[in-house]
Number of protein chains: 2
Amino acid sequence: MLDHPLPECPIARFLTVLDGPWAMLIVREPLTGPKRFTELRARLHGLGLGLPGINPKTLSSRLRRFVLLGLVTRRAYPEVPPRVEYELTPAGTRLEVVLAAMGAWAEQDLPRTGAFPIEDR
Amino acid sequence: MLDHPLPECPIARFLTVLDGPWAMLIVREPLTGPKRFTELRARLHGLGLGLPGINPKTLSSRLRRFVLLGLVTRRAYPEVPPRVEYELTPAGTRLEVVLAAMGAWAEQDLPRTGAFPIEDR
DNA sequence: GGAATCAGTTCCCTCAAATGAACTATTGGG
DNA sequence: CCCAATAGTTCATTTGAGGGAACTGATTCC
């Protein structure tokens, strides 16, 4: 994904990096403070994407990407059992406006049921 | 995708429907007025997602979904050669704020090259 | 001694999405 | 007669993402 430069177009760049059903949902969690790996797993349960929960492989893969991109920091404490905390960087925190825009749009224009309103034009 | 109700969480709902590298890029096009199928194909070339251009199958599949969800209208003119225009509904047009948020974030926080800044914390 | 805890990794499998290329019907124009 | 143009569809194939399940290492609690 970072093997060659990202697209010129900012939107395309965003989509390259934050693609997939999980990416933005993962980013949302540490907005309320640092989160541990297992904590993230637990909180990403039952969001009802048709998916039961996130696979640890998927989660660690996304987290590694985010750390690489500077959206998240990873802090490991040499304890037993191990403790690792993921925290948003300022850049990561700034994704909150995107999340807010997505949420607001969906609340207004994307009902849960298949009964979609016909807008007059 | 509409076989059973969408998730309760608005963000998850957004991601269910507007997932994939192409969805938001397609929506962006008719913001500047109705667009024809071939026109969309042409404009979606060279965005550099590592992809050369969009496959017509992918495009027609997304357009069909958007029409179903009420984000886009499809108007066919019985001419030869055929002409079909895709236009955003008010709901589709409201996605502009999401696109703007994505773009602004990427411009500020997602550089093209792998040299990502380390933010002080 | 055995179980539990945590943060992942590894293996194998499946499935949906995307791709490339060819093809359709229709008619006007050279 | 043959080609071009439009809006797709169809076929066959690949790729990557995700899923399930099991496993690791170190240490503390029971």
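Take the Cβ-Cβ distance between B:THR38 and B:THR113 as r, set R0 to 51 Å, and report the resulting FRET efficiency rounded to the nearest 0.05. Please list the in-between numbers first.
On the way: r = 34 Å, r/R0 = 0.67.
Computed FRET efficiency for B:THR38 and B:THR113: 0.90.
What are the membrane-span-like helices in chain A by this rule: whole DSSP H runs, Cα extent along the axis at least 18 Å, mean Kyte-Doolittle hydropathy at least -0.5?
On the way: long enough: A:56-69 (20 Å, 0.06); A:96-109 (19 Å, 0.43).
Result, helices passing both filters: A:56-69, A:96-109.
Report, largest value first, the span of the C-alpha coordinates of the protein assembly as shown along each principal axis, in whole Å.
72, 38, 26
In nm, what does the list of distances from A:ALA100 to its counterparts in the other copies look like, shortest first, when each label sits 7 Å along Cα to Cβ?
1.3
In deg cm²/dmol, rounded to 500, what helix-only [θ] at 222 nm does chain B give when every DSSP H run of at least 4 residues adds -39500 (n - 2.57) and the total is split over its residues? Each step should come with its number before you reach the end.
Working: 6 runs with 53 residues, N = 121.
Helix contribution divided over all residues of chain B: -12500 deg cm²/dmol.
A plus B alone minus the pair: what accessible area, both sides summed, probe 1.4 Å, in Å² to 100? Spell out each step's value before the answer.
Values: alone 8590 and 8610 Å², together 12330 Å².
So the buried area, both faces added, is about 4900 Å².
Filter the GluC sites (Glu not before Pro) in region B:30-89 down to the DSSP loop ones having no more than 15 other Cβ atoms within 10 Å, then list what survives.
On the way: sites: B:GLU39, B:GLU79, B:GLU85, B:GLU87; in loops: B:GLU79.
Within region B:30-89, the qualifying GluC sites (Glu not before Pro) (loop, at most 15 other Cβ atoms within 10 Å) are B:GLU79.
Tell me which B residue has its C-beta closest to the axis rotating B onto A, and the distance in Å?
Its Cβ sits closest to the axis: B:ALA101, 2.
For a quick check: with amide H placed at 1.01 Å from N, whose amide H comes under 5 Å from B:ARG36's, ignoring anything fewer than 5 positions away on the same chain?
B:TYR86
Quick check: at a probe of 1.4 Å, how many percent of the accessible area of chain B sits on carbon and sulfur atoms?
On the way: 3400 of 6160 Å².
Looking at chain B in its full context, I get 55 percent from C and S.
For the protein assembly as shown, with every protein chain kept in place, what is the accessible area per residue (1.4 Å probe, Å²)? The partial results should precede the final answer.
On the way: 12330 Å² over 242 residues.
Heavy-atom SASA per residue in the protein assembly as shown reads 51 Å².
The values are calculated or read from the model by the stated rules, or taken from the named source; none is laboratory data. Keep in mind the model is a prediction, meaning the values are calculated, not measured. As a convention, Cβ positions derive from the backbone with ideal geometry for all residues, glycine included, and neighbour counts pool all protein chains shown. The area values use the complete protein model at the heavy-atom level, side chains included, leaving out ligands, DNA and RNA. Shrake-Rupley method; radii C 1.70, N 1.55, O 1.52, S 1.80 Å.
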